[in-house]
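The values are calculated or read from the model by the stated rules, or taken from the named source; none is laboratory data. Treat the numbers as computed from the prediction; the structure is a model and nothing was measured. Ideal geometry is used to build each Cβ from the backbone, glycine not excepted, and the neighbour counts take in all protein chains shown. Each accessible area value is taken on the protein alone, full model and side chains, heavy atoms only, with ligands, DNA and RNA left out. Shrake-Rupley method; radii C 1.70, N 1.55, O 1.52, S 1.80 Å.
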Amino acid sequence: MRIVLLGPPGAGKGTQAVRLAKHFQCPHVSTGDIFRANVVEGTRLGLTAKEYMDRGDLVPDEVVIAMVMDRLAAPDCEPGFLLDGFPRTVTQAEALDRRLAGMETPLHSVLCFEVEEDELFRRLAGRSAELGRSDDGEETIRHRLEVYATKTRPLVDYYMHRGLLGLVNALGHVEDITARILEVLRVAAYSRNGGGSNHNGVGGASRRPANPAPRAAR
Ligand code: ADP
């Protein structure tokens, strides 16, 4: 499976990615985790990334793209991967498309996690108290949500037009959300294989053009 997890900060992508990676036995590639590990190790990449992360800004595209392309070239990603936190801009999405097209290994699905902004803010502020992440201060949280709205949300349309988008209601118990995701993926696989109508806003990119009205799996 080649899957992208899309959604605002605090939507629970990381939590679900760990569960899904176990389910599908594929690597969980989290750009946030890779950056944080590099910060801890004090690498040059970590030093560059920290400056942006602490402000709640995106790390420049060229830096992230090079890092992810490198990671995807590792043998463990050959059978599939779960991308968490990438792409976050249209430029990143285009780079990923080019890379996968070159290898004739298109994405299977892009799962978009939906959570209201008030709830996101509550979750991120709670995580700040719990984990003390340096980018979880109140002002930085607001900024990250703004950056999501302007830079990353356009990817919802980007992937919807490619027939790849599956919306996931990301409110509720962790296990229930995993079950919803697996259902969205099941429907996507069915429609990719030429199955019936496309109930969840997910479809095969090559055969189905735009899907105008995706609905969340409840
Ligand atoms: P969140 O919990 O906010 O979803 P992540 O843990 O995925 O955040 O990422 C933390 C930070 O790492 C981001 O705020 C950003 O500065 C940087 N980052 C992660 N992924 C990307 C990316 N694809 N493009 C640019 N910056 C990124």
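Given F24, F81, which one is away from the ligand (no atom under 13 Å from the Cβ), in contact with a strand residue (DSSP E or B) (Cβ under 9 Å, 6 or more places away or on another chain) and either over 25 Å from E104 (Cβ atoms) or open to solvent by 20 Å² or more (accessible area, probe 1.4 Å) (or both)? It would help to see each step written out before you state the result.
On the way: F81 fails: either over 25 Å from E104 (Cβ atoms) or open to solvent by 20 Å² or more (accessible area, probe 1.4 Å) (or both).
Answer to the check: F24.
Which one of these does N169 not meet: (1) farther than 25 Å from P60 by Cα; (2) buried (at least 20 other Cβ atoms within 10 Å of the Cβ)?
Looking at each condition in turn, N169 falls short on (2).
Cβ-Cβ distance below 6 Å, separation of 6 or more or different chains: which pairs start in the stretch 48-73 with a residue that is touching a residue at least 12 places away in the same chain (Cβ under 8 Å) and part of a helix (DSSP H, G or I) and end on one that is open to solvent by less than 20 Å² (accessible area, probe 1.4 Å) and of a type in the set (D, E)?
M53/D135; D54/D135
Filter the stretch 128-140 down to the residues that are within 10 Å of the ligand (Cβ to nearest atom) and modelled with pLDDT of 75 or more and list them by number.
Result: T140, single match.
With the condition kept exactly as written, say whether any residue in the stretch 61-84 is in contact with a Phe, Trp or Tyr (Cβ under 7 Å, 6 or more places away or on another chain), at pLDDT 95 or above, farther than 18 Å from A149 by Cβ and of a type in the set (V, I, T).
yes
So, of the residues in the stretch 86-111 that are open to solvent by less than 10 Å² (accessible area, probe 1.4 Å) and outside any helix (DSSP H, G or I), which turns out to be farthest from F35 (Cα to Cα)?
Checked the stretch 86-111; the qualifying residue farthest from F35 (Cα to Cα) is S109.
Where residues in the stretch 112-125 are more than 13 Å from the chain's Cα centre (by Cα) and within 16 Å of G14 (Cα to Cα), which of them is most open to solvent (accessible area, probe 1.4 Å)? Lay out the reasoning, then the answer.
Start the filter on the stretch 112-125 by keeping residues that are more than 13 Å from the chain's Cα centre (by Cα), which leaves 115-125.
Checking the rest, the ones that are also within 16 Å of G14 (Cα to Cα) come to 115, 120, 123-124.
On the way: V115: 21, L120: 6, R123: 71, L124: 1 Å².
Ranking the candidates gives R123 first.
If V64 satisfies all but one of (1) under 15 Å from the mean Cα position of the chain (by Cα); (2) more than 29 Å from R192 (Cα to Cα); (3) among the aliphatic types (A, V, I, L, M); (4) open to solvent by 40 Å² or more (accessible area, probe 1.4 Å), what's the number of the condition it fails?
Going through the list (1) under 15 Å from the mean Cα position of the chain (by Cα); (2) more than 29 Å from R192 (Cα to Cα); (3) among the aliphatic types (A, V, I, L, M); (4) open to solvent by 40 Å² or more (accessible area, probe 1.4 Å), V64 breaks only (4).
Taking the criterion of being of a type in the set (S, T, Y), within 22 Å of V184 (Cα to Cα) and near the ligand (Cβ under 10 Å from one of its atoms), would at least one residue in the stretch 28-38 satisfy it?
As a first pass, look at the stretch 28-38 and keep what is of a type in the set (S, T, Y): 30-31.
Pick out the ones that are also within 22 Å of V184 (Cα to Cα) and you get 30.
Now restrict to residues that are near the ligand (Cβ under 10 Å from one of its atoms): 30.
Checking the stretch 28-38: at least one residue is of a type in the set (S, T, Y), within 22 Å of V184 (Cα to Cα) and near the ligand (Cβ under 10 Å from one of its atoms).
For the stretch 152-168, give me the residue count where each residue is in contact with a helix residue (DSSP H, G or I) (Cβ under 8 Å, 6 or more places away or on another chain) and farther than 11 Å from V110 by Cα.
Total satisfying the criteria: 1.
Name every residue in the stretch 27-52 that is closer than 15 Å to G85 by Cβ, open to solvent by less than 30 Å² (accessible area, probe 1.4 Å) and out of contact with any strand residue (DSSP E or B) (no Cβ under 7 Å at 6 or more places or on another chain), in order of residue number.
The answer is T31, G32, F35, N38, A49.
Yes or no, residue by residue, for (1) more than 13 Å from the ligand (Cβ to nearest atom); (2) among the β-branched types (V, I, T); (3) under 22 Å from P154 (Cα atoms):
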residue: R2; (1), (2), (3): yes, no, yes
residue: L5; (1), (2), (3): no, no, yes
residue: G10; (1), (2), (3): no, no, yes
residue: E41; (1), (2), (3): yes, no, no
residue: K50; (1), (2), (3): no, no, no
residue: L58; (1), (2), (3): no, no, yes
residue: V64; (1), (2), (3): no, yes, yes
residue: A74; (1), (2), (3): yes, no, no
residue: C77; (1), (2), (3): yes, no, no
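Would you pick out the residues in the stretch 12-21 that are surrounded by fewer than 18 Cβ atoms within 10 Å (Cβ to Cβ) and near the ligand (Cβ under 10 Å from one of its atoms)?
G14
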